[in-house]
1. For the chain, what proportion of DSSP beta bridges, expressed in % and rounded to the nearest 5, is antiparallel?
2. Top mean-square fluctuation among 120, 41, 93, Gaussian network model of the chain, C-alpha springs under 10 Å?
3. Treating the angle as unsigned and between 0 and 90°, give the value, to the nearest 10°, between the Cα long axis of helix 139-148 and the longest Cα principal axis of the chain.
4. Determine the principal axes of the Cα atoms in the chain, then give the extent along each, sorted from largest to smallest and rounded to whole angstroms.
5. Per residue of the chain, what 222 nm ellipticity follows from adding -39500 (n - 2.57) for every DSSP H run with n ≥ 4, rounded to the nearest 500?
6. Have a look at 33, 49, 185 and tell me which one the Gaussian network model of the chain (Cα, springs below 10 Å) gives the largest fluctuation.
7. In terms of the Cα gyration tensor, with a ≥ b ≥ c the square roots of its eigenvalues, is region 1-40 rounded because a/c is under 1.5, prolate because a/b exceeds b/c, or oblate?
8. Rounded, prolate or oblate: which fits region 35-77, taking a ≥ b ≥ c as square roots of the Cα gyration tensor eigenvalues, rounded meaning a/c under 1.5, else prolate when a/b beats b/c?
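Every number here is computed from the coordinates shown, using simple stated rules; none is lab data. Note that this is a predicted model, so its numbers are computed, not measured.
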Ligand code: 5RP
């Protein structure tokens, strides 16, 4: 989609020679990886760490030099998508099931550039069901706890079978009308046994680039209270 591509290509302009780059996951990031592949062919020298096997495969096909955390511990700049972005740049991520690796990479990055189309910008998070990565063992109990917390939890499936993440876990998508206090929800989720990580990204984004269907690209201003 054009709006996603515009945001992605704008973000790739921030990548400089010699950088270690984090590659997010999803359809928007795929445009960024494609663009980065073009720059690499023209001589740009970067090393990249991918947040999913899908992104890794695409990057490899395009000749992007891939490394792991055994090689580098600090990433200069990561480009990733999001399912929702609020005015404080809190995010819901994990629609593509890669939230755990995405958060590990985000936490190891000096800068996290979020690229979205305009449909992802919301006043309050919560319309998009919050993805939560859980250990398969006892996931039924974890689901009940999520229900008790006020969510409508649903196990993510594909063809009738649970979706398995790159880390061998399940994803539970948690419906709730509105997330009024993302920080509190984040903390209560991550305190729950059986939960590996949740899709709320709070305080990670350094910049949000939004592509619009009219062909424009703008940076989302951050609201500070
Ligand atoms: C994957 C993600 C993606 O960044 C998010 O789902 C957005 O995907 P897309 O760019 O395809 O709309 O968090 O885990």
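1. Here the share of antiparallel DSSP bridges comes out near 50 percent.
2. 41
3. Between the helix axis and the principal axis of the chain, the angle is about 80 degrees.
4. 54, 38, 32
5. Helices in the chain give a 222 nm mean residue ellipticity of -8500 deg cm²/dmol.
6. Comparing 33, 49, 185 in the GNM, the peak value goes to 185.
7. Since a/c reaches 1.5 and a/b is larger than b/c, the shape of region 1-40 is classed as prolate.
8. Oblate, because a/c is 1.5 or more while a/b does not exceed b/c.
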